[in-house]
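Novice: Take this structure, written in structure tokens, and hold onto it; I'll ask about it next.
Any read-out appearing in this document is the output of simple, stated calculations on the displayed coordinates, not a laboratory observation. Because the structure is a prediction, the values reported are computed rather than measured. Glycine gets a Cβ as well: all are built from the backbone with ideal geometry, and neighbour counts include every protein chain shown.
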Amino acid sequence: MELKTLFEQAVADSKNLSQKPDNETLLQLYSLYKQATEGDAAAEGPSNPFDFVGKAKHEAWSGLRGTSAEKAMADYVALVGRLKG
């Protein structure tokens, strides 16, 4: 199967996991998805200093700076595969 097709299936599967992943895993899923679909995060994070969730998401995504879309897709597919068991 083509990587993009596997990625799209993994995105759909991630919404139907038997258990909700912990926050760290959710951040991994978020950052890999954003890197795969949008590329590198903007240098500036959220402007609201009290947006802790937004800041955590931005930091996780920024940590993947320079990762190719293909690698992010492959890592996302592998992570969802592990979560599915």
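Novice: Report the gain in length on full extension from Val53 to Tyr30: 0.36 nm times residue separation, minus Cα-Cα distance, nm rounded to one decimal.
Specialist: Between Val53 and Tyr30, full extension yields 7.1 nm more.
Novice: Assigning unit charges at the beta carbon (Lys, Arg +1; Asp, Glu -1) and nothing else, what dipole magnitude in debye, to the nearest 20, does the chain show about its Cα centre?
Specialist: 200
Novice: Can I ask one more? Specify the residue with the greatest mean-square fluctuation among Asp13, Asp75, Asp40, computed from a Gaussian network of the chain linking alpha-carbon atoms under 10 Å apart.
Specialist: Asp13
Novice: Need the list of aspartates and glutamates near Lys15 for cross-linking: C-alpha distance under 19 angstrom, and skip anything on the same chain fewer than eight residues off.
Specialist: Glu24, Asp75
Novice: Okay, moving on. From the helices alone, meaning DSSP H stretches of at least four residues, give me the mean residue ellipticity at 222 nm for the chain, per-run term -39500 (n - 2.57), in deg cm²/dmol to the nearest 500.
Specialist: -21000 deg cm²/dmol
Novice: Which of the lysines could a cross-linker span from Lys55 if the Cα-Cα distance has to be under 21 Å and same-chain partners fewer than 8 positions apart are dropped?
Specialist: Cα-Cα hits under 21 Å: Lys34.
Novice: Just flag the chymotrypsin sites (Phe, Trp or Tyr not before Pro) in segment 18-85 sitting in loop per DSSP whose Cβ has no more than 13 other Cβ atoms within 10 Å.
Specialist: Hits after loop and neighbour filter: Phe50.
Novice: Could you pull out the trypsin sites (Lys or Arg not before Pro) across segment 6-75 that fall in loop regions by DSSP (anything but H, G, I, E, B) with no more than 11 other Cβ atoms inside 10 Å?
Specialist: Lys15, Arg65
Novice: Any aspartates and glutamates with Cα under 13 Å of the Lys84 Cα? List them, leaving off those in the same chain fewer than 8 positions away.
Specialist: Cross-link targets: Asp13.
Novice: For a quick check of your reading of the filter: which GluC sites (Glu not before Pro) in the chain sit in a DSSP loop and have no more than 14 other Cβ atoms within 10 Å?
Specialist: Those satisfying the criteria are Glu2, Glu44.
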